[in-house]
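Please see the structure below; I have some questions.
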Amino acid sequence: MMRRIALIIALAALPACGLHPLYAGGSSGPVAGLLRSVKVAPIEGQSGWLVRNKLVDRLGESGSADSAYRLDVTLDDNITAFGIRGDRAATRERRTLRARYQLVSLDTGMVVLDATAGSDAGIDIVSSEYATVAAEQTALEQLSDIVADQIVTRLGTYAARSAAK
């Protein structure tokens, strides 16, 4: 009986917790509208090409002239060897992809959001150089996905907060 009462009280208090769906309103909601109005600036290098394409896919950038924001992204892609054997050969690598991004209002030219995102992956170094290079490339593709997801999520929370104001 006490458990039922506690469950009823918990369920009654749940709507007051302050959680709201981020994409309320679907494709016509304020978050989706802001995300569609972001133009992603070109990003240097292979990792930049990967991250930019993933961002464009996630944001639904139309490429039209009615963009309200520009997303500037600077990447730091780094591979560090560690796990050194007795013959000074590395046995593992860590690939790190960090992004500093700024959301710039095209109307005012002001930076409205300045944040970072990043992730890393471990890579085994094997006797086949081709396999190691393929593992590094696969890690870069996965890290690009993660970083793009982090950026879009942060842009979505910014859009939800600015729509609530």
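What follows draws every value from the coordinates through simple rules; no lab data is involved. Please read these numbers as outputs of a predicted model, since none were measured by experiment. Cβ coordinates were reconstructed from backbone atoms using ideal geometry, including for glycine residues, and neighbour counts include every protein chain displayed.
For the pair ALA131 and ARG100, what calculated FRET efficiency results from E = 1/(1 + (r/R0)^6), where r is the Cβ-Cβ distance and R0 = 41 Å, to the nearest 0.05? List each step's numbers first, then the result.
Numbers: r = 32 Å, r/R0 = 0.78.
Calculated value: 0.80.
Remind me, what semi-axes does the stretch 23-164 give for its equivalent ellipsoid, largest first in whole Å, using sqrt of 5 times each Cα gyration tensor eigenvalue?
Taking √(5λ) for each Cα gyration eigenvalue gives 36, 13, 13 Å.
Further, regarding this structure: If you add up the charges near ARG95, with Lys and Arg at +1 and Asp and Glu at -1, over every other residue whose beta carbon is less than 9 angstrom from its beta carbon, what do you get?
-3
Let me ask another. List the residues whose amide H sits under 5 Å from the amide H of GLY118, counting only those 5 or more places along or on another chain, with H placed 1.01 Å from N in the peptide plane.
Amide H to amide H, under 5 Å and 5 or more residues apart or across chains, GLY118 pairs with ALA99.
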